[in-house]
Amino acid sequence: MITLVVNGQTTRFDLDADTPLLYVLRDNLALNGPKFGCGLGQCGACTVLMNGQAVRSCSVPIAKAAGLRITTLEGLGSSEKPHPIQKAFIDEQAAQCGYCINGMIMTSKALLERSPNPSDREIRKALAGNLCRCGTHQRIVAAVKRAAVLMAKGG
C-alpha cells in the first residue's frame, strides 16, 4: 500500500510502486488538470507540485511521491474562487488551446513561491521546459507578472 497526499486528501493505493503518478492522478483520482503529453517528462503538460516543487508527474513513480504533499491544478483554486495565478491567466487570456496551461500555471506557482517578483528573464527561464505550440508566450509572461502583483496584494 502506498499513501499519497493529494490536494490535502490522504488516499491509500494498492498499486505497483513504479506506476507513474500521472496515471494515479488521472485514472484513480479523476484529476484532469495534469495532462499526458510526451510521457517522458519533457513537455511539462503533466506538471504538479510535490512539497512545493514543480515536477513532471509522468516520470515520478508513486513510491517516490509517497507521503509528500502533492498539489494539482485542482488543488490551487476553483472556478468559483480561482487562485490568483489562475485568475491572472484568465484575465490575460493566456490560453489558446489550453493543453500546456496546467504546466505553465503549476510551474509559475513554484516560481512565484521562491521568487515573488520575478523579472521577464526569470519567468522565461522557469517556463522554458514547458512546451506551448499556440504561441501565447507573451500572454503567459504577462499572466505570471499579473499573478505576482495579485499575490503580493494577498490574492
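The values are calculated or read from the model by the stated rules, or taken from the named source; none is laboratory data. Everything quoted here is computed from the prediction, not taken from an experiment. Cβ coordinates were reconstructed from backbone atoms using ideal geometry, including for glycine residues, and neighbour counts include every protein chain displayed.
At a glance:
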| quantity | calculated |
| --- | --- |
| Residue under evaluation ARG26, criteria (1) surrounded by fewer than 17 Cβ atoms within 10 Å (Cβ to Cβ); (2) free of Cβ contacts under 8 Å to residues at least 24 places away in the same chain, criterion not met | (1) |
| Wholly enclosed helices (runs of 4 or more DSSP H) of segment 87-155 bearing at least 3 residues surrounded by fewer than 17 Cβ atoms within 10 Å (Cβ to Cβ) and not aromatic (Phe, Trp, Tyr) | 120-127, 137-152 |
| Selection within segment 8-30 - outside any helix (DSSP H, G or I) and closer than 18 Å to LYS64 by Cβ | THR10, THR11, ARG12, PHE13, ASP14, LEU15, ASP16, ALA17, ASP18, THR19, PRO20, LEU29 |
| Qualifying position, being farther than 24 Å from CYS132 by Cα, among the hydrophobic types (A, V, I, L, M, F, W, C) and buried (at least 16 other Cβ atoms within 10 Å of the Cβ), among LEU4, LEU31, LEU49 | LEU4 |
| Count - residues of segment 3-25 that are among the β-branched types (Val, Ile, Thr) and either within 13 Å of THR72 (Cα to Cα) or at pLDDT below 95 (or both) | 3 |
| Segment 52-66, residues that are surrounded by 18 or more Cβ atoms within 10 Å (Cβ to Cβ) and either more than 23 Å from SER115 (Cβ to Cβ) or among the hydroxyl-bearing types (Ser, Thr, Tyr) (or both) | SER57, CYS58, VAL60, ILE62, ALA65 |
| Out of THR107, THR72, sole residue that is touching a helix residue (DSSP H, G or I) at 6+ places or on another chain (Cβ under 7 Å) and in the same structural domain as ASN28 (by TED's automatic domain parsing) | THR72 |
